[in-house]
Structure formats: structure tokens, C-alpha cells
Ligand code: SF4
Ligand code: SF4
């Protein structure tokens, strides 16, 4: 998520007005995990907020998660943990770091690697289309694409050059 990302904040997955779907589970069978760099991420958070932060403040582990959402298959797999803790009081059941007012991640610069690497199908498809668009103007790219899709385009370039 990026404050300057027009798509993620205003047209997520191509839906006008939608934002931050990958940071919210809503009523889908979806989990924000596994967070591979959980302990490093905790250290970054402690440095940012200037206090000790407990693992369970930020993450949900297997035992809690499988009981919280017994109807969701993705929450029943131990390999998906730890996952990001959600704000269960919010209708969208978003990650606790998702800011619904600015429609972006509130700790974007120190977010977990799992979030940094995540590519949704919409941005993947869009990146592939733009790679093939001969009329695409490079100066439009910076304002249109968020870092996630730019990363994906760079990845596609690397794959093509191999
Ligand atoms: S990465 Fe995809 S799912 Fe996530 S906010 Fe951006 S457009 Fe939406
Ligand atoms: S840490 Fe940020 S990018 Fe990752 S799920 Fe939470 S709000 Fe989204």
C-alpha cells in the first residue's frame, strides 16, 4: 500500500472506490500470512514506536487463528502462520495497520516482506498488459502505478531477459 498509489487506494482490483483489499479479509477465505520476517518486523516496529512490542500484539498464531475463523480453510493451515492481526471490530476485518481514512498502510516503509512481495492478480495482469502496450507513455507510469506493480514490471523484465 502506498499513499501515492491511485489504484490501491481508489480503484483496487479495478473496482471504482475500492481500496486495500489485500489488507482486509472481509468475508473472503483469505489470510494475510505467513509473515516470514515476523521477528525482524517486530524489531522495526519497536524502533518506530520506541517501546517493547509483544508478538501477540501484532500477529495471530495458528491456535488462535483456526478457532477465530473455523469456516475459512486458509485459516486452518499451520503453514500460513503467523499472520497479521486484524481489527475484528471493523466491518472489513483489516490488518491493524491499515488506515481506512488515508486508505493506505500506516507503516508502509517498514511493512513485512510478505506485504512488500505480494502481487495481486489484478496488478500482475495490468503490468503484463502495460509491458506489451506500444503506445504507453513512460511519464504516465509514475502517476498511475504503485510500487507493487512497478516491482512486478521489473520482475517481468528480469524473467524476459533470462
Ligand atoms: S495490491 Fe491489488 S488487492 Fe492490494 S490494494 Fe493494490 S490493487 Fe488492491
Ligand atoms: S502491514 Fe500494511 S501492507 Fe501489510 S497487510 Fe498490514 S496494512 Fe497491509
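Taken together, the values in this text are just the output of simple stated rules run on the coordinates, not laboratory data. Keep in mind that this is a model prediction, so the values were computed, not measured. All Cβ positions, even for glycine, are placed from backbone atoms using ideal geometry, and neighbour counts span all protein chains on display.
Results, tabulated for the structure shown:
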{"quantity": "For region 1-126, average projected area of the Cα convex hull in nm²", "calculated": "7.9 nm²"}
{"quantity": "Label-point gap, in nm, between residue 28 and residue 55 - each point 7 angstrom along Cα→Cβ", "calculated": "2.8 nm"}
{"quantity": "FRET efficiency, 1/(1 + (r/R0)^6) with R0 22 Å, evaluated for residue 48 and residue 102 via beta carbons", "calculated": "0.80"}
{"quantity": "Convex hull (Cα only) mean projected area of region 24-91, reported in nm² to one decimal", "calculated": "4.8 nm²"}
{"quantity": "Spin-label pair residue 64/residue 78, simplified geometry with 7 Å Cα→Cβ offset, distance in nm", "calculated": "1.9 nm"}
{"quantity": "Potential extension, residue 18-residue 89 segment - 0.36 nm per residue separation minus Cα distance", "calculated": "23.6 nm"}
